[in-house]
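A short worksheet on the structure shown next.
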Amino acid sequence: MLIMKNINKIFQTADIQTHALRDFCLQVNEGDFVSVTGPSGSGKTTFLNIAGLLETFSNGEFLLDGEDVGKLNDNGRSRMRNEKIGFIFQGFNLIPDLNLYDNVDVPLRYRGFNAKERKFRIEQNLERVGLASRMKHLPSQLSGGQQQRVAIARALATDPRFLLADEPTGNLDSEMAQSVMSLLEDINQQGTTIIMVTHDAQLAQRAKRTIQVKDGKVSELENISRQHNQAIA
Amino acid sequence: MLETGLILRALARNKIGALLIALQIALTMTIMVNAIFMIQDRQQQMQRKSGLDEKNSFYLTNTVFGQDYNIQAHLQTDLHTIRNTPGVVDAIQINAIPLSSSGWSMALQHEPGEDKDAVGTAIYMVDDHAINSMGLTLVAGANFQPEDVELRKEGQSTWPAKTIITQAFAENLYPDNWQSAVGKTVYISQTQPIQIIGIVAALQAPWNGWNGVERSMLVPFQRESKGSYYFIRTEAGRRDELMPIIEKTLAESDKKRIIRRVTTIEDTRERSYRQHNATNKILTTVVITLTLITGFGIVGLAIFSINRRTKQIGTRRALGATKGQIMRYFMMENFIISTFGIIIGCFGAVALNMWLVNTFNLSPISFQLVAFGVITLFIVGQLAVLYPARKAAMIAPATATRTI
Ligand SMILES: Nc1ncnc2c1ncn2[C@@H]1O[C@H](COP(=O)(O)OP(=O)(O)O)[C@@H](O)[C@H]1O
Ligand SMILES: [Mg+2]
């Protein structure tokens with residue numbers, strides 16, 4: 001479970017102060033699939049970065065799985081990212097010099113799994129995204145959609161509780177976007193909590209819950225979305 | 001360790017930069033080890049004992065220009081005057097000065113005859129005061145007696161009956177037992193017998209670059225020559241005070257000759273090894289410069305590759321890498337590149353040394369020196385990469401989402 005209470009994030013550069021999040025409050029339950037929409041510059045990425053422990057916040061309270069994130073030091077945040085959070089980026093962020101197998105291996109090594117365990121997890125997750133046969137390929141030899149699938153396999157390999165995605169389909173054509181979205185839905189079905197930032201309203205609607213961020217604040221659209229989902233189901 | 005395999009595979013895809021640095025490390029290692037070796041070799045040469053009491057000795061030249069000049073009588077007067085100057089230990093006339101780079105050489109052989117093997121040696125023409133004047137140590141046999149000393153005419157080709165040689169020379173002539181040289185008769189000028197009556201511990205030849213520099217012989221000759229050296233040894237600490245006194249006394253006692261080039265043995269040594277010292281300074285500068293260039297090269301490559309991989313590093317942080325793990329990645333990467341370069345460098349160092357050994361007759365480098373090079377370059381590499389690695393560790397995890 002993710003709980004944010006009155007989170008503020010102020011960016012201080014030279015002489016400009018940017019209030020990226022203002023008294024941001026949100027609760028995301030186990031197994032949820034939350035899509036986050038909102039205008040550019042409204043604070044979506046900032047929210048996701050704080051949720052994923054990539055950035056610290058100026059003040060407020062943030063509990064992740066019951067742990068007070070504000071009290072963690074840098075190493076503690078690294079460990080928590082590795083153990084509880086999987087990231088998917090708009091630009092895929094695969095390591096270009098490593099093949100698919102080694103790319104998925106990266107977070108597993110940081111966890112300190114032994115070779116056998118890592119091999120099992122890498123193969124299992126590449127299988128899951130349908131790319132087991134391309135293990136030895138380099139990212140540059142794949143299409144964008146395939147690269148994003150590898151990134152998803154990498155994010156899932158550590159068995160995270162939360163999958164955070166910032167515009168995961170932003171660099172994909174609509175067909176590929178649809179298939180990545182379906183994959184995310186499958187993953188959510190299997191129990192992983194997903195928070196996805198997107199500006200594609202149609203994809204956003206496919207989430208169980210939709211929130212909108214405006215001027216660093218949440219405006220809930222979840223009821224509509226819930227009903228929508230229930231109607232489909 | 002943790003990521004060695006991944007680092008290796010990533011390096012394999014970016015060979016050129018790493019390879020160039022590895023080669024630079026190899027070259028540095030090759031040159032460093034051999035340069036240090038040559039420096040040490042020269043230092044050892046410079047540390048060899050001349051056998052003289054260097055601190056308390058000096059010499060001067062006596063050049064006669066007067067006509068109808070009784071050289072022999074004046075020589076005795078001069079030596080008497082110098083030897084009786086308070087503070088002087090002893091003095092001799094001599095034909096050449098050790099370390100001065102000019103002198104006389106002869107050869108001694110076991111059998112008389114033209115085609116017999118002979119061993120080259122420096123020859124010093126002195127009297128029975130030589131051992132005391134030069135501060136030599138007699139380690140076997142006896143010194144010359146006053147009656148052994150002969151007058152040598154200009155151009156004379158016969159030699160005295162007795163000689164004193166250095167221990168190194170005796171070892172060369174009698175490898176099984178150098179002490180047995182005492183009493184032996186050997187041959188000079190191919191056919192003239194000469195008996196070895198004593199052995200001194202050490203007395204270097206005038207030429208420091210000669211590989212027989214430890215081989216010298218003394219013969220009891222006083223030269224009837226218009227140009228000669230006086231070699232003077234003083235009591236401890238009185239050399240500098242006595243040098244002008246003796247110069248003045250000699251110059252004023254006799255106006256038909258000139259006293260010149262009053263020089264300490266310390267100065268002579270300094271001049272003799274000036275080239276060595278200069279070469280060592282140049283080599284040291286080369287080694288330090290090369291090491292610095294390599295160090296900066298490592299810094300440069302590391303900063304370049306870190307700047308190129310900013311987003312990747314942010315992504316690794318997002319995937320759970322700690323700052324320490326990011327630092328270790330780059331330290332390890334450098335370690336791998338260094339290892340590669342150092343291995344090539346070991347071969348290079350030994351190969352260059354073998355060439356030097358064959359070409360310049362140097363001795364082979366020691367294992368310790370190669371080990372020193374290995375350790376130094378590993379340390380240089382790790383130190384050089386420390387700052388870039390710290391910079392990499394400071395890259396914010398948010399870089400993963402904030403950069404395109
Ligand atoms: N590192 C930063 N330094 C200064 N301002 C920033 C930084 N990151 C984001 N901002 C500002 O914070 C606000 C919210 O940004 P962001 O969360 O990226 O918006 P979104 O993802 O919704 O487009 C914007 O005004 C942006 O300019
Ligand atoms: Mg954004």
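Figures for the structure shown
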| quantity | calculated |
| --- | --- |
| Virtual spin-label span in nm between B:Val299 and A:Phe120, 7 Å along Cα→Cβ | 4.8 |
| Sorted by Cβ density within 10 Å, fewest first, the residues B:Phe360, B:Phe330, B:Phe347, B:Phe340 | B:Phe360, B:Phe347, B:Phe340, B:Phe330 |
| Relative packing of peptides A:189-195, B:83-89, B:384-390 - highest average C-beta neighbours within 10 Å first | B:384-390, A:189-195, B:83-89 |
| Peptide-level mean, for A:81-89, of C-beta atoms on other protein chains within 10 Å | 4 |
| Around B:Gln109: net Lys/Arg minus Asp/Glu count, Cβ-Cβ under 15 Å | -1 |
| Inter-probe distance in nm under a simple model that places probes 7 Å from Cα toward Cβ, at B:Met394 and B:Gln192 | 8.2 |
| 0 to 90° range, to nearest 10: angle between helix B:15-47 axis and chain B longest Cα axis | 20 |
| Per-residue Cβ neighbour rank within 10 angstrom, fewest leading, B:Lys255, A:Lys214, B:Lys391, A:Lys9 | B:Lys255, A:Lys214, B:Lys391, A:Lys9 |
| Measure of compaction for the protein assembly as shown (Cα Rg per 2.2 N^0.38 Å) | 1.70 |
| Under 5 Å, built H, 5+ apart or other chain: amide partners of B:Phe221 | B:Val126, B:Glu150 |
| Among A:Ala204, A:Ala165, A:Ala132, residue whose mean-square fluctuation peaks in a GNM of chain A (springs only between Cα atoms under 10 Å) | A:Ala132 |
| Extension gain (nm, one decimal) between B:Arg261 and B:Thr137, 0.36 nm per residue minus Cα-Cα | 41.9 nm |
| Within straight-line cross-link reach of B:Lys281, lysines at Cα separation under 23 Å, skipping those fewer than 8 residues along the same chain | B:Lys49 |
| DSSP-defined antiparallel bridges as percent of all bridges, the range B:66-255, nearest 5 | 60 |
| Set B:Lys55/B:Lys248; A:Lys5/B:Lys311; A:Lys217/B:Lys311; A:Lys44/A:Lys71 screened for pairs whose C-alpha atoms are more than 25 Å apart | A:Lys5/B:Lys311; A:Lys217/B:Lys311 |
| Other-chain or far-sequence residues with amide H under 5 Å of B:Phe144's (modelled H) | none |
| Extension gain from B:Ile375 to B:Gln275, taking 0.36 nm per residue of separation minus the Cα-Cα distance | 33.0 nm |
| Contour minus Cα-Cα distance for B:Thr289 and B:Met46 (0.36 nm per residue) | 85.0 nm |
| Sites matching GluC sites (Glu not before Pro) across the range A:20-61 that sit in DSSP coil, with at most 16 neighbouring C-beta atoms within 10 Å | A:Glu30 |
| Antiparallel content of DSSP bridges confined to chain B, in %, to 5 | 70 |
| For chain B, calculated [θ]222 nm from helices alone, where every DSSP H run of n ≥ 4 adds -39500 (n - 2.57) | -17000 deg cm²/dmol |
| Sequence-separation-based contact order of chain B, relative, with Cα cut under 8 Å and 6+ spacing, percent | 27 |
| Paramagnetic reach from B:Glu224 (point 7 Å along Cα→Cβ, amide N under 11 Å) across the range B:141-166 | B:151-156 |
| Selected from B:Ser305, B:Thr284, B:Ala384, residue furthest toward positive end of dipole (chain B; charges at beta carbon) | B:Ser305 |
| Calculated FRET value between A:Ser219 and B:Lys15, using beta carbons and R₀ = 45 Å, to 0.05 | 0.25 |
| Rg over Rh, two decimals, the range B:66-255 (C-alpha only, Kirkwood Rh) | 0.98 |
| Taking A:Asp173, B:Asp78, B:Asp68, B:Asp148 and counting other C-beta atoms within 10 Å, the order from fewest to most | B:Asp68, A:Asp173, B:Asp148, B:Asp78 |
| Lysines with Cα under 29 Å of B:Lys116, excluding same-chain neighbours fewer than 8 positions away | B:Lys153, B:Lys162, B:Lys184 |
| R0 of 22 Å, Cβ-Cβ distance B:Thr85-B:Ala251: FRET efficiency to nearest 0.05 | 0.95 |
| For the range B:177-191, Karplus couplings with θ = phi - 60° (6.51, -1.76, 1.60), whole Hz, Gly/Pro x | 7, 5, 5, 5, 4, 4, x, 6, 9, 10, 10, 10, 6, 6, 10 |
| For the range B:66-255: relative contact order, % (alpha-carbon pairs under 8 angstrom, 6 or more apart) | 31 |
| Placed amide H near B:Arg257: partners under 5 Å, 5+ positions off or other chain | B:Phe65 |
| Where a label projected 7 Å from the Cα of A:Met1 along Cα→Cβ would reach, residues of the range A:46-72 with amide N under 18 Å | A:61-70 |
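All of the numbers you see were taken from the coordinates with simple rules; none came from a lab. Just so you know, these numbers come straight off a predicted model, no measurement behind them. Note that each Cβ is placed from the backbone with ideal geometry, even for glycine, and that neighbours are counted across all protein chains shown.
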